[in-house]
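Asks: Next up is a structure, given as structure tokens.
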Amino acid sequence: MSLYERLGASEGIKTIVNDIVDNHLTNAAVAPRFQNMKMTPDELKHAATMFFIAGTGGPNDYQGQDMLAAHKGMNISALEFMAVLDDALSALVKNNVGQREQEEVLFILYSMRAEIILV
């Protein structure tokens, strides 16, 4: 069974991603990054959900930017990156995602570090 299926397929992932974005919007370490975005929170949630679905083995309907293009010029710090991972973990725990799946999601997210923190 794919990670996509174990996370509850599209609906489960949508719920998790909504919680992750909500966590970002209230996390003092990263919330300022979202204040002047061109996307609304709902548009961000939709784009992130589609990215997450594709990245966990679900249907690949994602048409947004890759991580490198999306974060170019943002000068994201290691502290901010870890805050984002903490937000993701909190959302996974809130949604009763199992330990194995939590580890897999965090591994996937951490694997994108070099595309997000550009030094």
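Asks: Might you report the magnitude of the Cβ-based charge dipole of the chain about its Cα centre, with Lys and Arg at +1 and Asp and Glu at -1, to the nearest 20 debye?
Replies: 180 debye
Asks: So for each of 109-118, 3-12, 47-56 I average, over its residues, the number of other beta carbons within 10 Å; can you give me the resulting order with the highest mean first?
Replies: 47-56, 3-12, 109-118
Asks: Among Val93, Leu44, Phe34, which residue has its Cα positioned farthest towards the positive end of the charge dipole of the chain, with +1 placed on the Cβ of Lys and Arg, -1 on the Cβ of Asp and Glu, and the dipole taken about the Cα centre?
Replies: Phe34
Asks: Cβ neighbours within 10 Å, averaged per peptide: list 32-38, 100-106 in order, most packed at the top.
Replies: 100-106, 32-38
Asks: How big is segment 52-94 in terms of Cα radius of gyration and Dmax, in angstroms?
Replies: That works out to 12.9, 32 Å for Rg and Dmax.
Asks: Per DSSP H run of at least 4 residues, take -39500 (n - 2.57); add these up for the chain, divide by its residues and hand me the 222 nm value, nearest 500 deg cm²/dmol.
Replies: Theoretical 222 nm ellipticity from helices: -19500 deg cm²/dmol.
Asks: Still on this structure, please answer the following. Ranking request for peptides 21-28, 64-71: highest mean number of other beta-carbon atoms within 10 Å first, then the rest in descending order.
Replies: Per-residue Cβ counts within 10 Å, averaged per peptide and sorted highest first, yield 21-28, 64-71.
Asks: Given 0.36 nm per residue, what is the gain on full extension from Ala9 to Met39 after removing their alpha carbon distance, in nm?
Replies: So the chain would gain 8.3 nm between Ala9 and Met39.
Asks: Let me ask another. List the relative contact order of segment 3-116 as a percent without decimals, with contacts defined as Cα pairs under 8 Å and 6+ residues apart.
Replies: Relative contact order, segment 3-116: 36 percent.
Asks: Okay, moving on. Wrap a convex hull around the Cα atoms of the chain, take a quarter of its surface area, and give that in square nanometres.
Replies: The Cα convex hull of the chain, projected and averaged over all directions, gives 6.8 nm².
No lab work stands behind these numbers, since they all come straight from the coordinates. This one's a predicted model, so the numbers in the text were calculated from it and none came from an experiment. A quick note on method: Cβ atoms are made from the backbone with ideal geometry, for glycine too, and the neighbour counts reach across all protein chains shown.
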